[in-house]
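Here's the structure we're looking at; comments come further down.
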Amino acid sequence: MEIRTCDGIKLSEPYKIQCLVPDLPEPRDILPYLEEMHAARWYSNFGPLNSRFEAAMKLFINGGAIGPDIEVVTFTSATTALEAALRTIGLREGARVLIPTLTFPATATAVINAGFTPVLCDVDADSWEMLPHHARTMTASQAIDAVMPVSTYGKPIPTAEWDRFMQETGVPVIADTAAALGQQPAGEHIHLAFSLHATKPFSIGEGGLLVTPDAELAKRARSWSNFGFSGSGGVISQIGTNAKMGEYYAATGLAQIERWTQIKTRRQTVLDTYLEVLAPLDNRIRWQSSEDPFIPATFVIHAAGQAQHIASSLLDAGIHTRFWYLPPLYEHPALEGIAAGIDVKTAFPVTEELKHSLIGLPFHSFLSRRDVENIAATLTKIL
């Protein structure tokens, strides 16, 4: 069926209300950068647009102000950015990397593809994140060579706390902050990987960023993304891959920076509307806790044990939902070995409860107030 969003954008999907709609620049916004790219005849391999985009992202991540001294390296995805950091940070062979049970599978596959072993950690019952105190407990009881916290559903990780953890323990922190670009501050010690995929709030279609205060790590990671080449002699200094961002994506990124205030404002309006219209249900549902306000990348609610029932009922009403980050990592057939020998009900009680209770509601820039009210009315009938 054809639907029309609040901005007059026509979409063809079998839902009255879609769960996620990308918000990218229009062709006319990107065209000046494409003309510049074509005039230069430089389309990849760290071109001028890519360099400008990296420089612009330094200011963007620091909020346009003077912040931590960081390096930004572009990649084909957040996954390759994570793998680059893991491969070039100097971990020992067979290193064990602590990751949360509740995350996108790429968190685990990046560790595995880098040649290391993922070690699972349960998440907090309220924020749904792996927090520094979890990592302290785990590193005190077993060998952990690196920690990879995740900005669950786009909630920024506590940068200062993770900086302090890394300083005090000496354990590197490489954070999967894929969906938190535009809200996640950089740190003085930790490393961050952002996604620029079409489904993210700040999207360019495809791509990723590695943000690090370590200039040498950034240099090695950039080399890894270019087959391992170092310098201009055509000689590789490490075994790398091809994970460079092309100029087309950098052009989109430069145009997207100009739109970010508008995107963020629209998403904040949708969030405020949700919080208003769902307030009468606050004794039956809850959302992700946070000490500081933020706009989630995906709007996930907790309804104790009723996620599947809600999804089925909303589907009957033509409302699309998603089980973001579910099933837990250890229930994916390709990843079930990472929990071998572990009693998951005892080891991961929070995740075991969340897997029956978390459901992602529609959340994107193009939702109208009427859309959100319809979702709330349907939820009220269900609950």
Problem - Within the stretch 307-356, tally of residues that are part of a loop (DSSP other than H, G, I, E, B), buried (at least 18 other Cβ atoms within 10 Å of the Cβ) and of a type outside the set (A, V, I, L, M, F, W, C) - result: 5
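Results for (1) touching a residue at least 60 places away in the same chain (Cβ under 8 Å); (2) in the same structural domain as T212 (by TED's automatic domain parsing); (3) within 19 Å of A339 (Cβ to Cβ), shown as yes or no for each residue.
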position	(1), (2), (3)
A78	yes, yes, no
E93	no, yes, no
C121	no, yes, yes
H133	no, yes, no
M138	no, yes, yes
Practice task
Report yes if A218 is in contact (Cβ under 8 Å) with a residue 40 or more places away in the chain, on the phi < 0 side of the Ramachandran plot and assigned to a helix (DSSP H, G or I), otherwise no.
Solution key: yes
Practice task
Could you list, in sequence order, all residues of the stretch 106-135 that are within 17 Å of P349 (Cα to Cα) and assigned to a loop (DSSP other than H, G, I, E, B)?
Solution key: D122, V123, D124, A125, D126, S127, W128, E129, M130, L131
Exercise for the section: Residues being over 21 Å from M130 (Cβ atoms), surrounded by 13 or more Cβ atoms within 10 Å (Cβ to Cβ) and out of contact with any Lys or Arg (no Cβ under 9 Å at 6 or more places or on another chain): count how many of those fall in the stretch 276-298. Expected result: 5
Completion exercise
Log entry, pairs with first residue in the stretch 152-179 being in the same structural domain as P296 (by TED's automatic domain parsing) and farther than 16 Å from P293 by Cβ, second being part of a helix (DSSP H, G or I) and at pLDDT below 95, beta carbons closer than 7 Å, six or more apart or on different chains, reads none
Practice task
Mind telling me which of the residues T321, T269, T273, T298 ends up being without any contact (Cβ under 8 Å) to a residue 24 or more places away in the chain and assigned by TED's automatic domain parsing to the domain that holds E352?
Solution key: T269
Practice task
May I ask you to verify whether M148 is touching a Cys at 6+ places or on another chain (Cβ under 8 Å), hydrophobic (A, V, I, L, M, F, W, C) and buried (at least 18 other Cβ atoms within 10 Å of the Cβ)?
Solution key: no
Practice task
Among the numbered conditions (1) surrounded by fewer than 23 Cβ atoms within 10 Å (Cβ to Cβ); (2) more than 15 Å from the chain's Cα centre (by Cα), tell me where V173 comes up short.
Solution key: (1)
Exercise for the section: With respect to A180, determine if the residue is at pLDDT 95 or above, part of a strand (DSSP E or B) and not polar (S, T, N, Q). Expected result: no
Exercise for the section: Those residues that are surrounded by 14 or more Cβ atoms within 10 Å (Cβ to Cβ) and not hydrophobic (A, V, I, L, M, F, W, C), I need them from the stretch 23-65; list them, please. Expected result: D23, P25, D29, Y33, E36, S44, G47, N50, R52, E54, K58, N62
Practice task
Please note which helices (runs of 4 or more DSSP H) are completely contained in the stretch 26-105 and include at least 1 residues that are polar (S, T, N, Q).
Solution key: 48-61, 78-88
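The values are calculated or read from the model by the stated rules, or taken from the named source; none is laboratory data. Small disclaimer: the values here were computed from a predicted structure and weren't measured. Neighbour counts run over all protein chains shown; Cβ positions are idealised from the backbone, glycine included.
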